[in-house]
Amino acid sequence: FKNLFQDKINSPETALFKIDNKKWDVVYFGRNRKSYREQILLKYMPQDTNNILIGYKSKKINATQILPLKHTEMLNVIDESKVSVIIADEEHQGNTTTFRFYETLASNCLAAIPIEYDPNKELIKDPILKNILYVESSEDVKKLVNMYSEDLVFKQKQELKRIFKEFTDTLKDKI
């Protein structure tokens, strides 16, 4: 999947996008497969921001809800958002890095990483991002929405480059 995101993470270093292009404050994309995801979304989705759920239906969450989109269309909606909440199934919390994590890091949207997703905060190494991307409440997500900037998105893309380099280096060591 590294190759899928290569052009996104190799964007020009300045003026990646226009901040006023953002239609949504918080986005979540995924299916409502289990009640655990609903609990996590209720915990992390601010009720007083402009939210969108893609492919997820809920009567309890304040958000515009749309049907699932083709992958490229979904990536466009993510880019129109400031923050994406990263959620995994309960059995994957703390032990599996999902594709959604990489998609969001490669986007023009900040990743809100619930502490349950990476309880030891091992995925993100950049000290600034480590301090703000890991969230413990909807208030933390709302703070992230308010902190949104081109600089933070650029730092996030640099972090993804670092992660991919570590993958590549690890693979080279094993060969």
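Suppose we keep only residues that are open to solvent by 70 Å² or more (accessible area, probe 1.4 Å) and in a helix (DSSP H, G or I) within segment 114-160. Which one would you say is modelled with the lowest pLDDT?
Asp151
Could you tell me which residue of segment 44-88 is farthest from Ala111 (Cα to Cα), considering only residues that are touching a residue at least 60 places away in the same chain (Cβ under 8 Å) and touching a Cys at 6+ places or on another chain (Cβ under 7 Å)?
Per the stated criteria, the residue is Asp79.
Just the residues that are open to solvent by less than 80 Å² (accessible area, probe 1.4 Å) and not in a loop (DSSP other than H, G, I, E, B), please, taken from segment 36-47.
Once the filter is applied, which keeps residues that are open to solvent by less than 80 Å² (accessible area, probe 1.4 Å) and not in a loop (DSSP other than H, G, I, E, B), segment 36-47 yields Tyr36, Arg37, Glu38, Ile40, Leu41, Leu42, Tyr44.
State whether the residues of segment 59-76 include one that is open to solvent by 30 Å² or more (accessible area, probe 1.4 Å), modelled with pLDDT of 95 or more and part of a helix (DSSP H, G or I).
Checked against the condition, which is being open to solvent by 30 Å² or more (accessible area, probe 1.4 Å), modelled with pLDDT of 95 or more and part of a helix (DSSP H, G or I), segment 59-76 yields no hits at all.
Name every residue in segment 35-53 that is more than 18 Å from Tyr117 (Cα to Cα) and among the hydrophobic types (A, V, I, L, M, F, W, C), in order of residue number.
Scanning segment 35-53 gives Ile52, Leu53.
Got at least one residue in segment 157-169 being under 14 Å from the mean Cα position of the chain (by Cα) and within 19 Å of Tyr44 (Cβ to Cβ)?
For segment 157-169, residues under 14 Å from the mean Cα position of the chain (by Cα) and within 19 Å of Tyr44 (Cβ to Cβ): absent.
For every residue, the table says whether it meets (1) modelled with pLDDT of 95 or more; (2) of a type in the set (A, V, I, L, M, F, W, C); (3) part of a loop (DSSP other than H, G, I, E, B); (4) surrounded by 18 or more Cβ atoms within 10 Å (Cβ to Cβ).
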| position | (1), (2), (3), (4) |
| --- | --- |
| Thr14 | no, no, yes, no |
| Val27 | yes, yes, no, yes |
| Thr49 | yes, no, yes, yes |
| Leu53 | yes, yes, no, yes |
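Among Phe167, Phe101, which is buried (at least 19 other Cβ atoms within 10 Å of the Cβ) and either in a helix (DSSP H, G or I) or touching a helix residue (DSSP H, G or I) at 6+ places or on another chain (Cβ under 8 Å) (or both)?
Phe101
Provide a single number: the residues in segment 77-91 that are part of a loop (DSSP other than H, G, I, E, B), within 20 Å of Leu152 (Cβ to Cβ) and open to solvent by less than 10 Å² (accessible area, probe 1.4 Å).
1
The values are calculated or read from the model by the stated rules, or taken from the named source; none is laboratory data. It should be emphasised that the depicted structure is a prediction, and the values quoted were computed from it without experimental measurement. Cβ coordinates were reconstructed from backbone atoms using ideal geometry, including for glycine residues, and neighbour counts include every protein chain displayed. Note: accessible area is taken over every heavy atom of the protein model, side chains too, but ligands, DNA and RNA are not part of it. Shrake-Rupley method; radii C 1.70, N 1.55, O 1.52, S 1.80 Å.
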